[in-house]
Amino acid sequence: QVQLVESGGGLVQAGGSLRLSCVASGSIFSINAMGWSRQAPGKQRELVADVTDGGTINYADSVNGRFTISRDNAKNTVYLQMNSLKPGDTAVYYCNARIRRPGFPALRDYWGQGTQVTVSS
């Protein structure tokens, strides 16, 4: 079994900052990419940012320059530092990781339960 647990969401005023964390635990052989997606009410889930095990980073245009993704491979943890938050950033934020389990050659995507981020105007 593999679990992803997010933390760090909450309520913040526009212009403020939050830092999200996500820890992967369980039966893990290796982790390829880790990232964050979000889903606002009535909208489809969208990729916010991701980072490969080699350090290649990708950001959505809407957050580029305001959000920073990082990971600690030793701790199987990915972070999302969110600065200059806007009301449009309000959403449930989900962590995901592409993981290879011991004895299973294929990579598989795992998701956390989500953490609410609300930005007030």
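Over the chain, what is the relative contact order in whole percent, taking alpha-carbon pairs under 8 Å and six or more residues apart?
Details: 305 pairs, mean separation 43.6, N = 121.
It comes to 36 percent, rounded to a whole number.
Rolling a 1.4 Å probe over the protein heavy atoms leaves Asp72 with an accessible area of roughly 50 Å². Rolling a 1.4 Å probe over the protein heavy atoms gives the chain an accessible area of 53 Å² per residue.
At q = 0.23, 0.24 Å⁻¹, what log₁₀ I(q)/I(0) does region 45-104 have when each alpha carbon counts as one equal point scatterer in the Debye sum? So the normalised log intensities work out to -1.05, -1.12. If only the Cβ of Lys and Arg carry +1 and only the Cβ of Asp and Glu carry -1, the dipole of the chain around its Cα centre is close to 140 debye. Computed from the C-beta positions of Ala14 and Ile57, the FRET efficiency with R₀ = 30 Å rounds to 0.75.
For the chain, what number results from the quotient of the Cα radius of gyration and 2.2 N^0.38 Å?
Numbers: Rg = 14.2 Å, N = 121, 2.2 N^0.38 = 13.6 Å.
Compactness ratio reported: 1.04.
The values are calculated or read from the model by the stated rules, or taken from the named source; none is laboratory data. Note that the structure is predicted; figures quoted are calculated from it, not measured. Note: ideal-geometry Cβ built from the backbone for every residue, glycine included; neighbour counts use all protein chains shown. Calculation scope for accessible area: heavy atoms of the full protein, side chains included, ligands and nucleic acids excluded. Shrake-Rupley method; radii C 1.70, N 1.55, O 1.52, S 1.80 Å.
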